[in-house]
Amino acid sequence: MSKQYPDDSTTLHTDAYELSMIQTYFEKGIQNKKAIFEVYFRDMPFKNGFAVFAGLEHIIHYIENLHFSKTDIDYLTAATDYSPEFLDYLSHFQFKGTVRSVVEGELVYSNEPMIQVEGPLADCQLIETAVLNIVNYQTLIATKAARIRSVAGNDGIMEFGTRRAQEFDAAIWGTRAAYIGGFDATSNVRAGKIFGIPISGTHAHSLVQTYGNDYEAFRAYAETHKDCVFLVDTYDTIKSGVPSAIRVANEMGDKINFLGVRIDSGDMAYLSKRVREQLDEAGYKDAKIYASNDLDEKTIMSLKMQRAKIDVWGVGTKLITAFDQPALGAVYKMVSIEKNGQMEDTIKLSNNAEKVSTPGRKQVWRITKKDNGKSEGDYVSLWNEDPRKQDELYMFHPSYTYINKTVTDFDAQPILKTIFDQGRLVYQQPDLADIKARCSQKLDNLWPEYKRDLNPQKYPVDLSQKLWDNKMNLIQDIHAYVKKIDFDNK
Ligand SMILES: Nc1ncnc2c1ncn2[C@@H]1O[C@H](COP(=O)(O)OP(=O)(O)OP(=O)(O)O)[C@@H](O)[C@H]1O
Ligand SMILES: O=P(O)(O)OC[C@H]1O[C@H](OP(=O)(O)OP(=O)(O)O)[C@H](O)[C@@H]1O
Ligand SMILES: O=C(O)c1cccnc1
C-alpha cells in the first residue's frame, strides 16, 4: 500500500541522480558555485511550425513550495547513504535561483531557450527533473490544442480527455494547457473549479441504456435540466435518436434550451448531413450538431472537407495523450559555470550536430516588422547584446550560414522574462483568460506559412554573430583539448 505523509512535499519529485550530484557538490564545497542552465527542445512537436509554451504556473507552484520536509529527510536518511551533514544541508535548503522564462501562451520554436535558471549549482540542479516534466507535457498539449483549433476555425471545441489522460495531474494540467491552446471548455469539473475554465458537457449512452429507449431518456433529462444536448447514437441515430430528440424538444418547448444533439459513432459526415436535414425540417435550425469519437486535427479536417454539418467538436484521447507524439523532448543543459570567480561558458559536444548545445547565457529576441507586426524570426543573442540598438539586423541560419537576410525597420522583443529573482517570485501571473488571448494574438501575427498543418515552413531561429562565434570557438577549444589528451596518451 502507498504511504501517506502529513507533510509530503513535491521536492523529492526528482531523479535520484540530481540529489546524488548535489551531494557531490556539497561534499566538495562547490554547491554554491554559480551556474546557468537552459531549457529547450530540438524538434518541433507534431512537425508543427510553432509550439505554444505552457507550464509556468505549475513551475511557480513547485518552486514556491520547494523545501525538504521532515518526512522527506527521514526517507532520504533511510533510503540513501547521504552523510548527516548533507541531510542537514538539505533540511535547511531554500531555493535561491533566478528563473527567467517565456510566458505562457507565447509561441516557441526548436533550439531556443524557453527557460533559464541561474544561481547556486545545487539549486539549478535540483529543479531539472520537475521543470522538464512540467514543460514537456504542458507545452505538448497546448501545441496539440492549437493545431486542433487551427482546423476547427470558429467552431466550438470541448476538451473531453480526462478518462483517457495519463492519470489525475495530466488531466488537470492538460486541460489547462488545452484551454491556453484554443479550446473553449472542458468536461473536467475540477479544472473548472481550480482554473475557472468553462465547463460543459452532454450525457453518456448509459442514460439512454438506463431507460432502454431514447425518448424516455431524453424526456427525463429535459425534465431535470435547462440546457439540453441529447446523445442520439445509442440505438439508431436517424430512425430513433434524432426523432426522439425532436419529439422531446417539441413537447418541452420553452421549458428547455434545446442546444442540439451529439453523434459519437458511425460515418459522421454522412450522419451529420442527415441529422442536419432532420433538425432543419423540424424547425430547429439553430440546434447544433456535436461530434465526438477519437477526433483529432486530421479527422476534423477530413470531416470539414467532406462538408460534414458539425458545429461543435468534443476531443478527448488524442488531445490529452498527445497521441501522435507523446513526448516533447525538451532538455535542460548547463551553458555557463563559475570558474575561479568568473563565469565560463560551457558546451556539450556530440557526434550528432543537432545535439551540440549552444554555450552562454542568452536572450531570445522576437523580431517583427514595424509596419505590420508580422514575425521575421527569432534572434538568439548573448545576454548582454541588444539588437534594438541596431538599425539593421543580420540574421543567418546557424548551420547553413549562406541562408541569411538583413532585416531593417524591425521591432525586437526580449521574450525571456524574470520570474524568480534569487529565489523571490517577482512575476505576477496573468489571468488564464489573458494567457489564452495572448496565444491567439501571437498566432494572428504569425505568417500562415508557419501555421499550416502539413509541411509548414521552418521558422527561423538564428544565432547572433557573437553567440555563433562563441560556440565555434568553444568547439575548437574542446577539439584542441581532446587532441592534446590523445597526443599525451600516445
Ligand atoms: N466521414 C468520416 N471521415 C473520416 N473519419 C471519420 C468519419 N466518420 C467517422 N470518422 C472517424 O473514424 C473513426 C471510426 O472509429 P470506430 O470504427 O472506432 O468508430 P465506430 O465504429 O463508428 O464507433 P464506436 O466508437 O462505437 O466503435 C473515428 O476516429 C471517427 O472520428
Ligand atoms: O473519443 P475521445 O476523443 O476520447 O472523446 C471522449 C469519448 O469519451 C466518451 O466515450 P466513452 O468513454 O463512452 O467510450 P466510447 O465512446 O469509446 O465507447 C465519449 O463518447 C467520447 O467518445
Ligand atoms: O459531456 C460529454 O459529452 C462527454 C464528456 C466526457 C467524455 N465524453 C463526452
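The values are calculated or read from the model by the stated rules, or taken from the named source; none is laboratory data. Keep in mind the model is a prediction, meaning the values are calculated, not measured. Neighbour counts run over all protein chains shown; Cβ positions are idealised from the backbone, glycine included. Note: accessible area is taken over every heavy atom of the protein model, side chains too, but ligands, DNA and RNA are not part of it. Shrake-Rupley method; radii C 1.70, N 1.55, O 1.52, S 1.80 Å.
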Within 10 Å of each candidate Cβ there may be at most 11 other Cβ atoms; applying that plus a DSSP loop requirement, which trypsin sites (Lys or Arg not before Pro) in segment 274-330 survive?
285, 307
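Taking the Cβ-Cβ separation of residue 78 and residue 166 as r and a Förster radius of 25 Å, what is the calculated FRET efficiency to the nearest 0.05?
My answer for the efficiency is 0.25.
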Of all the accessible heavy-atom surface of segment 198-266, with the other protein chains kept in place and a 1.4 Å probe, what percent is carbon and sulfur?
48 percent
Computed [θ] at 222 nm, deg cm²/dmol, the chain (DSSP H ≥ 4; -39,500 (n - 2.57); rounded to nearest 500):
-12000 deg cm²/dmol
Within segment 370-433, report the chymotrypsin sites (Phe, Trp or Tyr not before Pro) that DSSP leaves as loop and that have at most 10 other Cβ atoms within 10 Å.
400, 402
Computed label-point distance, nm, for sites residue 189 and residue 281 using a 7 Å Cα→Cβ extension
3.9 nm
Whole number in Å², please: accessible area per residue of the chain, 1.4 Å probe, ligands, DNA and RNA not counted.
48 Å²
Can you list residues whose amide H is under 5 Å from residue 108's amide H, if they're 5+ apart or on another chain and H is modeled 1.01 Å from N?
51, 52, 53
Quick one: if the Förster radius is 41 Å, what FRET efficiency do residue 391 and residue 324 give, using the C-beta to C-beta distance and rounding to 0.05?
0.40
Segment 264-318 - Rg and Dmax from Cα coordinates, angstrom
11.2, 35
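Checking the table 33/374; 239/436; 144/273 against a 32 Å threshold on Cα-Cα, which pairs fail?
Among 33/374; 239/436; 144/273, the Cα-Cα distance tops 32 Å for 33/374; 239/436.
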By how many nm would the segment from residue 4 to residue 483 grow when fully extended, if each residue of separation counts as 0.36 nm and the alpha-carbon distance is taken off?
167.0 nm
Using alpha-carbon positions, what is the distance between the centroids of segment 422-490 and segment 291-335, in Å?
26 Å
Amide H of residue 156 versus every other amide H placed in the peptide plane: which residues, excluding those fewer than 5 positions away on the same chain, fall under 5 Å?
313
Carbon and sulfur atoms: what percent of the 1.4 Å accessible area of segment 15-144 do they account for?
53 percent
Compute the distance from the alpha-carbon center of segment 212-279 to that of segment 1-35, in whole Å.
56 Å
At what distance in nm do the modelled label points of residue 429 and residue 400 sit from each other, each positioned 7 Å from its Cα along Cα→Cβ?
4.1 nm
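Mind checking the alpha-carbon convex hull of segment 170-254 and giving the volume per residue in Å³?
Enclosed volume per residue, from the Cα hull, is 123 Å³.
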Can you compute the FRET efficiency between residue 28 and residue 349 using 1/(1 + (r/R0)^6), with r the Cβ-Cβ distance and R0 = 30 Å? Round to the nearest 0.05.
0.80
Can you compute the radius of gyration and Dmax for segment 106-223, using only the Cα atoms, both in Å?
19.3, 67
